[in-house]
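Note sheet for the following structure.
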Amino acid sequence: MNVLHAAMNRRHFLRATGAFLALPLLGRAAEKLPPKRLIAIHVPLGMMPQFFFPQAGEPSSPYLDVLAAHRAQFTVVSGLSHPGVDGNHHAGQCFLTGAPHPGQPTFRNSLSLDQLAAEKIGLENRFPSLALTVKNGDHYGDSLSVSRSGVGLPAEASPRRLYRNLFVAGTPEEKAATLRRIEAGGSVLDLVLEKAARLEKSVAPEDRARLDQYFQSVRELEGRLQRSIAWESRPKPKVEFPEPKDIADANEVIEKSKLMFDLIRHALQTDSTRVVTLSLSTFSVVPHVPGVKSETHGLTHHGNEPEKIAELRQIEEAQLRTFAYLLQMLADTRETGGTLLDHTQVLYGSCLGNANSHSTRNLPLILAGGGFKHGKNLAFDATNNAPLANLFVSMLQGLDVETDKFASSTGPLAGLGA
């Protein structure tokens, strides 16, 4: 019996026993359901709680009214925080990690939600994850992404560079130069590892953990270098979206945010990545928003002065209108089995519950899309908060990541049904 005939007989057998359905869908890739995806958005200066959270018995609030067109597609959560995460604005770097006591000399960050998700659902993409930011200057939490070794991953602030990395093929000379840089990076790692291995023999016991963290960082970098080499020879996707110019005016935070949202949508739609984080910082800017004439950070410390509160409300409502722009884009993008929003979890929130007092309790949080049953408010104890990491466990499970534990979690979040 020749090989072809044997294979045919085997298929007939499998079909007859019903096992044929478990075979790979050869030649039927178009029927595959779209992948599950994650976007996590952080607004470092928070949102005024009196306008964000619905009052007892009320279905909405002034800020949620801005998102009214999408109310059936998101859930509002109150009464969550990260135990031990304090440190005022330092807390921003822990939004997706929950690592306690940022800002302390002994602080060490931990693996972020997005990076765990990327390990499970992102490794077959050109970019396992994208870390992005809109900012003016450098501040805590400009990047939300943290590796297993506790190292923050740099966030891209240039829409033009992001676009070129995603969609513009380099010339043969540019590709060759990129490969040389990647290979040079590998050579440097070899040298570093050789020196570190010699150091390991004489390191003091109290420094062992620090050296182990270093080795883990090197291994992570090695993996990224190898994936970069593999992808360098593959064509990049084409999109009907022109290469953008970077917006020079730092106060144009709303337009800069929209531009990043446009690029995120195209990155997900082309399956260039499945995991994205974005920090939308309004530190050190006077946003071009009608009625606003003051710098945002100063306004967050409003001391309950009505004029400052009115200005800050204009900024935060403009940010939420921009978030609605993203939700609308994702909902309007059709794909097999639904929309891009149906298959994408979108987390929007802050590690400050009240920026006026630098409180890191009762955080403002919205979870949209991703196949969950939305249109409701989940209110936990505003004083004795439940762990925010419980929400992260539910999100990971929604991405088919098999886990019942993340950071300080005690289990999945009650009431969030898929």
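Quick note: the coordinates plus some simple rules give every number you see, no bench work behind them. Note that the coordinates shown come from a computational prediction; the quantities given were computed from them, not determined experimentally. Glycine gets a Cβ as well: all are built from the backbone with ideal geometry, and neighbour counts include every protein chain shown.
Structure notes:
- Relative packing of peptides 43-55, 59-71 - highest average C-beta neighbours within 10 Å first: 43-55, 59-71
- Packing, taken as the mean count of other beta carbons within 10 Å per residue, orders the peptides 105-116, 268-279 from highest to lowest as 268-279, 105-116.
- The residues neighbouring L378, those whose beta-carbon lies less than 15 Å from its own, together hold a net charge of +1 under the Lys/Arg +1, Asp/Glu -1 convention.
- Per-residue packing, averaged as other Cβ atoms within 10 Å, sorts the ranges 142-151, 326-335, 402-411 into the order 142-151, 326-335, 402-411, beginning with the highest.
- Projected-area average for the range 270-418 over all orientations - Cα convex hull basis, square nanometres: 10.9 nm²
- Entries of K135/K405; K308/K373; K120/K256; K236/K405; K256/K373; K120/K238 with Cα pairs more than 28 Å apart: K135/K405; K308/K373; K120/K256; K236/K405; K256/K373
- Local electrostatic count at A68 - Lys and Arg +1, Asp and Glu -1, tallied over other residues with Cβ under 14 Å: -1
- As a ratio to 2.2 N^0.38 Å, the alpha-carbon radius of gyration for the range 227-293 is 1.44.
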